[in-house]
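Okay, structure first, notes after.
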Amino acid sequence: MSRLVVVSNRVGPVKDAARAGGLAVALVDALRARGGLWYGWSGKTDKRAVDYASIEDAESLSLATVDLTPEEYEDYYNGFANRCLWPLFHYRIDLTAFDRRYYEGYRRVNAKFARVLYPLLRADDTIWVHDYHFLAFGNELRQMGAEQPIGFFLHIPFPAREVLAALPHHDAMVRGLFAYDVLGFQTEQDCERFRDYVVREAHGIANGDKLHCFGRTVTIRAFPIGIDTEGFADIAANDKDARRQFDKVTKGLGDRTQIVGVDRLDYTKGIAERFQAYERLLQEYPDTRREVSYLQIAAASRGEVLEYRQMREELDGLSGHINGTFGDFDWTPLRYLNKPLPRRALAGLYRASKIGLVTPLRDGMNLVAKEYVAAQDPEDPGVLILSRFAGASYQMPEAVIVNPYDSKGVADALQIARYMSLQERRERFEALMKRLRAEDVAQWRDDFMSTLATVTRRRTISAVS
Ligand code: ADP
């Protein structure tokens, strides 16, 4: 079997992969099975960073990492990746920074990563590149002469043609993607948007799951990412840290309905809209007062980016307003915590919550929705309320599906969830779990890798200029 090389912005963890979650475990397992190499950014910046990878052997696999200079970090990571591609691909043109310096830094850093990896490659390697940090990476490798199979998986949504067209370099960016052999997206809808762009904007030709354009052919397919369903369900049911968290949440709860939201603090997650929907619930349905308790965990992220700091201030204001208006000496309607929770505790928190409120404005997949369901007690499961704009909604139609912009609709969904019968909760849970088990993260990984193997067995190689 050929060696697997995984390329992603952040590498690892390897030792404690389980603590980081399903994706890390799935990748580490595949890398171990194939004596693989995991390659990416070290997470460090250094003024004197050079084109050099430090390599570390870690139990049947190797890690190779590169430092960035502070300028590279600013332009490639904070700039183009997180202030341009991230908002644009999530339909936030209003928050997108179209700065040419960022784009140039991004191209330079993608080329640097390719330059450093190239001499470490073996002729029969298979390369799997992850996410929006590395759209241009495959093309850089090809230009150096790499002929190995290279697959790419986009973890975030692919935007509609006219949204993408707002990016000054959209044509070069899409052209570069044709250096890959397989392009994986989260959903059929993402594939469809990519196909639409290529056919209508670049005059490519679609033929089933193949797209011909720029003298190259790529295979495009949806590979909806999953979680380690069995493992997570087992933690929620049996782990002692999960149990401790469960007890902490349920103690003193009485008959109150616990609602939970868990997110990275990000404007795509719709947390402000969620707070407004909760306020609407308290306003319009007075029977909810003192009878519900909403806990929102939002771990701070990307604090160096201005838009994230502004959002944080807005949420502080909204949560204070809700508690000031509706709270009482013996009841806090909304508890809002800016901290991450260990995975095991998270599993217990999900299980202790009768309603999981997952309402992103746009999300490639959303793994919290899947974790919430997997953590439930099969005898007495909670209800998932899920945004129609999360990729997960296509695999999870038995959730209560909502439009996150419609605060009255979300408030109504919360009431429906509160009063849902045990039988209906069980039926929905069982249907959801059946699919979560069949479409877990191991299945996602194996599916992608076997597609890449099949496609590249037959391909011819020509570099994209
Ligand atoms: P994103 O990748 O955009 O952050 P996902 O929902 O797809 O969104 O994945 C988020 C992952 O991070 C999930 O596995 C979730 O459990 C974890 N996570 C999110 N917020 C927190 C938090 N506050 N504490 C701990 N883990 C979190």
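Within the stretch 252-271, if we keep just the residues that are among the small types (Gly, Ala, Ser) and in contact with a Leu (Cβ under 6 Å, 6 or more places away or on another chain), the residue that is farthest from the ligand (Cβ to nearest atom) turns out to be 270. I'd like to know if the stretch 186-208 contains one or more residues that are of a type in the set (Lys, Arg), part of a strand (DSSP E or B) and loosely packed, with under 15 Cβ neighbours inside 10 Å. Within the stretch 186-208 (the criterion being of a type in the set (Lys, Arg), part of a strand (DSSP E or B) and loosely packed, with under 15 Cβ neighbours inside 10 Å), the answer is no, since none of the residues qualifies.
Checked against (1) within 16 Å of the ligand (Cβ to nearest atom); (2) more than 20 Å from the chain's Cα centre (by Cα), residue 26 meets all criteria but (2). Being acidic (Asp, Glu), part of a helix (DSSP H, G or I), under 30 Å from residue 88 (Cβ atoms) and away from the ligand (no atom under 16 Å from the Cβ) is the requirement here; does residue 307 meet it? No: the conditions fail for residue 307. Note on the stretch 380-428: among residues that are among the polar types (S, T, N, Q) and in contact (Cβ under 8 Å) with a residue 60 or more places away in the chain, the one that is farthest from residue 257 (Cα to Cα) is 395.
For the stretch 284-300, a tally of residues being out of contact with any strand residue (DSSP E or B) (no Cβ under 7 Å at 6 or more places or on another chain) and away from the ligand (no atom under 16 Å from the Cβ) returns 6. Summed over the stretch 238-275, residues that are part of a helix (DSSP H, G or I), surrounded by 17 or more Cβ atoms within 10 Å (Cβ to Cβ) and not basic (Lys, Arg) total 9.
The set of residues in the stretch 44-67 being surrounded by 13 or more Cβ atoms within 10 Å (Cβ to Cβ), without any contact (Cβ under 8 Å) to a residue 40 or more places away in the chain and of a type in the set (Gly, Ala, Ser) consists of 49, 60, 62. Out of everything in the stretch 219-251 that is away from the ligand (no atom under 12 Å from the Cβ) and polar (S, T, N, Q), what residue ends up being farthest from residue 20 (Cα to Cα)? Ranking the candidates gives 219 first. Screening the stretch 1-23 for residues that are among the aliphatic types (A, V, I, L, M) and within 18 Å of the chain's Cα centre (by Cα) and picking the one that is surrounded by the most Cβ atoms within 10 Å (Cβ to Cβ) gives 7. Look at the stretch 68-84: where a residue is farther than 17 Å from residue 170 by Cβ and a partner is assigned to a helix (DSSP H, G or I) and polar (S, T, N, Q), sitting 6+ places away or on another chain with Cβ atoms under 8 Å, you get 76/110.
Yes/no per residue for (1) within 16 Å of the ligand (Cβ to nearest atom); (2) at pLDDT 95 or above; (3) closer than 17 Å to residue 82 by Cα; (4) among the β-branched types (Val, Ile, Thr):
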| residue | (1), (2), (3), (4) |
| --- | --- |
| 115 | no, yes, no, no |
| 121 | no, yes, no, no |
| 132 | yes, yes, yes, no |
| 136 | no, yes, yes, no |
| 169 | no, no, yes, no |
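Just so you know, in the stretch 324-337 the residues that are hydrophobic (A, V, I, L, M, F, W, C) and farther than 27 Å from residue 405 by Cα include one that is nearest to the ligand (Cβ to nearest atom), and it is 331. Of all the numbered requirements in (1) touching a residue at least 60 places away in the same chain (Cβ under 8 Å); (2) assigned to a helix (DSSP H, G or I); (3) over 25 Å from residue 371 (Cβ atoms), residue 39 misses one, and that requirement is (2).
The values are calculated or read from the model by the stated rules, or taken from the named source; none is laboratory data. Bear in mind that the values here come from a model prediction, so they are computed numbers and not experimental data. Positions of Cβ are backbone-derived with ideal geometry, glycine not excepted, and every protein chain shown enters the neighbour counts.
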